[in-house]
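Chemist: The structure follows.
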Amino acid sequence: MPTMVISGSAREQQAIQRWIGFWQRRGYEVVAYPSPIPANDFQARYAGVLRAFYERLAACDALFVVNEDRDGIRGYVGAATFGEISFAIARNACEHQPVEIVLLRPVGDEVHGADEIRLWSELGWITFHEAG
């Protein structure tokens, strides 16, 4: 069974849970996804959570980015999620470990890294679940 990591904002738990079910029904084992870290324990746990997430990202078959519209920005991607996409791109480019990269939707001009995301799409390195 192919493995998948889901990326996006931990604040979007309802959407993340919906997408976990969607990909599981299509035969993927979802091995990591964003989940909130309690504020009172954030500093103590953040490094370990990040390390575990990237370890799963380093070994998965697919990355799906839940980039819902946010605050009037189409297909919002934050800095951490952009880093995760970049990590998957680097895996494909340098380590010859193919990972399928799918974003929910195209990004708006206001998104940090929008030009790179569009270039990667034009090169066929990423695809979008929903057409623009």
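Chemist: Can you name every residue in the stretch 6-46 that is open to solvent by 30 Å² or more (accessible area, probe 1.4 Å) and of a type in the set (F, W, Y)?
Modeler: Residues satisfying the conditions are F22, Y28, Y33, F42, Y46.
Chemist: So which residues in the stretch 65-85 are touching a Gly at 6+ places or on another chain (Cβ under 8 Å) and open to solvent by 20 Å² or more (accessible area, probe 1.4 Å)?
Modeler: E68, D69, I73, R74, Y76, F82
Chemist: Suppose the filter is buried (at least 17 other Cβ atoms within 10 Å of the Cβ), modelled with pLDDT under 95 and out of contact with any helix residue (DSSP H, G or I) (no Cβ under 7 Å at 6 or more places or on another chain); does E95 pass it?
Modeler: no
Chemist: Could you list, in sequence order, the residues of the stretch 56-107 that are acidic (D, E) and touching a strand residue (DSSP E or B) at 6+ places or on another chain (Cβ under 9 Å)?
Modeler: Of everything in the stretch 56-107, those that are acidic (D, E) and touching a strand residue (DSSP E or B) at 6+ places or on another chain (Cβ under 9 Å) turn out to be D61, E68, E84, E100.
Chemist: Kindly list the number of the only condition in (1) in a helix (DSSP H, G or I); (2) touching a residue at least 40 places away in the same chain (Cβ under 8 Å); (3) open to solvent by less than 30 Å² (accessible area, probe 1.4 Å) that fails for R56.
Modeler: Just one mismatch for R56, condition (3).
Chemist: Let me ask another. Being over 17 Å from the mean Cα position of the chain (by Cα) and among the charged types (D, E, K, R) is the filter here, so list the residues in the stretch 116-132 that pass it.
Modeler: E122
Chemist: Which of the residues that make up the stretch 98-123 are more than 22 Å from T3 (Cβ to Cβ), of a type outside the set (D, E, K, R) and modelled with pLDDT of 95 or more?
Modeler: P106, V107, G108, V111, G113, A114, I117, L119, S121, L123
Chemist: Do you know which of the residues in the stretch 98-108 that are outside any loop (DSSP other than H, G, I, E, B) and free of Cβ contacts under 8 Å to residues at least 40 places away in the same chain is surrounded by the fewest Cβ atoms within 10 Å (Cβ to Cβ)?
Modeler: E100
The values are calculated or read from the model by the stated rules, or taken from the named source; none is laboratory data. All of these numbers come straight from a predicted model, not from anything done at the bench. All Cβ positions, even for glycine, are placed from backbone atoms using ideal geometry, and neighbour counts span all protein chains on display. Only protein heavy atoms, including side chains, enter the accessible area calculation; ligands, DNA and RNA are left aside. Shrake-Rupley method; radii C 1.70, N 1.55, O 1.52, S 1.80 Å.
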